[in-house]
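First comes the structure, then the notes that go with it.
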Amino acid sequence: MSCDAVQQQLDACALEHALAPDGDAAAVESFAHAASCEACAAHLAFLRALDAELAAIPLAAVRAPVVATAQQRATRALRARERPRGFGRELAAALAVAVLALPLVVAQAFVVVESGAWLLAGWVPEAIRVWLGFGYLASFALGVGALYGSIPLVVAWRRRALREWA
Ligand SMILES: [Zn+2]
């Protein structure tokens with residue numbers, strides 16, 4: 001082992017507060033090397049002094065509400081990152097319900113167009129009635145299209161909200 005490798009190993013031991021010559025094979029070898037190498041012995045002495053000084057500093061206990069808040073935030077952030085599972089199934093269910101409702105929606109539009117044509121038949125010229133029907137159907141199609149197109153967004157939004165606030 002080179003001195004660099006030994007000192008890196010000793011640093012790793014210091015981070016785990018394990019500055020005694022035991023542990024795994026690499027650690028044991030590093031401590032053995034430090035016993036016979038001036039530079040690494042000095043590094044080890046420095047690490048031990050640092051460890052002792054840090055141990056002497058009293059740490060203020062973190063208040064419980066701060067810990068709880070941090071845990072909640074971390075949990076929320078982790079959940080928000082998880083891959084959405086079951087999104088396809090949920091979307092399919094929502095679309096199935098929407099498609100089942102489609103005949104009713106179309107029937108309602110048909111009734112509006114037919115009854116409008118019947119009501120206006122006596123006193124509005126046919127060309128205008130056709131344009132009124134066309135305009136109504138176009139706006140109706142736009143509205144239904146926007147509604148159905150928003151279903152995936154609503155499902156995704158709902159899933160995200162449930163995950164973040166569960
Ligand atoms: Zn050395």
Go through the stretch 20-31 and give me each residue that's within 16 Å of the ligand (Cβ to nearest atom) and over 12 Å from Cys3 (Cα atoms). Pro21, Ala26, Ala27, Val28
Checked the stretch 42-52 for anything exposed (fewer than 14 other Cβ atoms within 10 Å of the Cβ) and within 15 Å of the ligand (Cβ to nearest atom); matches are Ala42, Ala45, Phe46
Give the stretch 36-53 a look and list any residue that's touching a residue at least 12 places away in the same chain (Cβ under 8 Å) and part of a helix (DSSP H, G or I), or say none. Ala39, Cys40, His43, Leu44, Leu47, Arg48, Leu50, Asp51
Among the residues of the stretch 59-79, is there at least one that is within 16 Å of the ligand (Cβ to nearest atom), part of a loop (DSSP other than H, G, I, E, B) and over 30 Å from Leu147 (Cβ atoms)? no
Residues (within 24 Å of Trp165 (Cβ to Cβ) and either touching a residue at least 24 places away in the same chain (Cβ under 8 Å) or not assigned by TED's automatic domain parsing to the domain that holds Gly145 (or both)) located in the stretch 87-126: Phe87, Glu90, Leu91, Ala94
Return yes when Pro84 is away from the ligand (no atom under 11 Å from the Cβ), at pLDDT below 90 and surrounded by 10 or more Cβ atoms within 10 Å (Cβ to Cβ) and no when it is not. yes
Right, Leu142: in a helix (DSSP H, G or I) and modelled with pLDDT of 85 or more or not? yes
Considering residues that are surrounded by 13 or more Cβ atoms within 10 Å (Cβ to Cβ) and either at pLDDT 90 or above or in a helix (DSSP H, G or I) (or both), the number found within the stretch 12-27 is 5
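The values are calculated or read from the model by the stated rules, or taken from the named source; none is laboratory data. Since the model is a prediction, treat every value here as computed from it, not as a measurement. In this analysis, Cβ positions are derived from the backbone assuming ideal geometry, glycine residues included, and neighbour counts consider all displayed protein chains.
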